[in-house]
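Reading through the structure tokens given below for one structure.
The values are calculated or read from the model by the stated rules, or taken from the named source; none is laboratory data. These numbers come from a predicted model, not from an experiment. Methodologically, a virtual Cβ is constructed for each residue, glycine included, from the backbone with ideal geometry; neighbour enumeration extends over all protein chains shown.
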Amino acid sequence: MSDVVMRATDVHKRFGRLEVLKGISLEVRKGETVCIIGPSGSGKTTFIRCINHLEKIDAGRLSVDGELVGYRQQGDKLYELREREVARRRADIGMVFQHFNLFPHMSALENCMEAPVYVLGPSSAISSRVVREIEQAGGPVRRVSGEDPVANAIALARYADGEFGWNVNDPGHGFVVARSDEPLDAAAAAALSASGTWGPLLLTDSADTLPAALRGYLLDVKPGYTSDPTRAFYNHVWVIGDQGAISVNEQAEIDELAALAKIGGEE
């Protein structure tokens, strides 16, 4: 399965005699963050609007998750989809524009509810009353939670709902570990957890010993091999904080759990 989530191929767009997009080709892969930079009037917003078929392209192809946006292809020709079909595709493509336009007939909360909502944390952190208020405004809310910060982070690491969630339940991933009582360290780790290379933020509540829940999770996703270690998946871990936050002994525990191990057979 391809990891390309958005592909533009030779995209052209003109307004009258002015050609704004002149053969744009671009691929965005899962986990990547891409910035389009240029002077005012260079076509940045026009191109982004074309991705959602808010502007119709004059030539080329645009696809999201392998599906054409706004069109279906039959042979060598493109046929524009009905507005209802286009709207169905737009539901999977989030957009926030520089003018932050809202639907005037909706409240601010109702405007936000046009997207799926996930609540991270138990009811002691985000109450059931708040969840019910959000549901009344727009639709179902999914809660991802554990009984404490350590378990909460593991629950999010394991969680998957369609395209949302880390879904890290097997080897071959990156992890970031920080102290649960050091929120600034967690903030510093956020860039690592969103770069497309490293994975979910995990928490430890001790400077000296891994919590049992975190040890159990890392053991569950520990990489292994049967005969050829060069063909195995590997785990990689970033540890955030100095030795006062996470000691050398605790880091050694993490290293041991992340290390590749032989499964079965003779050494």
Check your understanding: Which of (1) in contact (Cβ under 8 Å) with a residue 60 or more places away in the chain; (2) in contact with a strand residue (DSSP E or B) (Cβ under 7 Å, 6 or more places away or on another chain); (3) of a type in the set (A, V, I, L, M) is the odd one out, the single condition ALA213 does not satisfy?
Key -> (2)
Exercise for review: Of the conditions (1) buried (at least 19 other Cβ atoms within 10 Å of the Cβ); (2) at pLDDT 90 or above, GLY174 clears all except one; give me its number.
Suggested key: (2)
Check your understanding: Out of (1) surrounded by 13 or more Cβ atoms within 10 Å (Cβ to Cβ); (2) of a type outside the set (S, T, N, Q); (3) touching a Pro at 6+ places or on another chain (Cβ under 8 Å); (4) outside any helix (DSSP H, G or I), the odd one out for GLU147 is which?
Key -> (1)
**Study point:** Test for GLY16: is it without any contact (Cβ under 8 Å) to a residue 24 or more places away in the chain, of a type outside the set (S, T, N, Q) and more than 17 Å from VAL64 (Cβ to Cβ)
**Key:** yes
Practice item. Under 8 Å between Cβ atoms, at least 6 apart or on separate chains: pull out the pairs that start in region 117-136 with a residue that is under 13 Å from PRO149 (Cα atoms) and end on any residue that is of a type in the set (D, E, K, R) and surrounded by fewer than 12 Cβ atoms within 10 Å (Cβ to Cβ). Key: PRO122/GLU147
Practice item. Might you let me know whether region 228-251 holds any residue that is among the aliphatic types (A, V, I, L, M), within 13 Å of ILE154 (Cβ to Cβ), assigned to a strand (DSSP E or B) and in contact with a helix residue (DSSP H, G or I) (Cβ under 7 Å, 6 or more places away or on another chain)? Key: no
Review point. Only one of these conditions is not met by ARG179: (1) over 28 Å from the mean Cα position of the chain (by Cα); (2) under 20 Å from ILE154 (Cβ atoms); (3) basic (Lys, Arg). Which number is it?
Key: (1)
Review point. Can you tell me which of VAL20, VAL69, VAL86 is in contact with a helix residue (DSSP H, G or I) (Cβ under 7 Å, 6 or more places away or on another chain), at pLDDT below 90, buried (at least 16 other Cβ atoms within 10 Å of the Cβ) and among the hydrophobic types (A, V, I, L, M, F, W, C)?
Key: VAL69
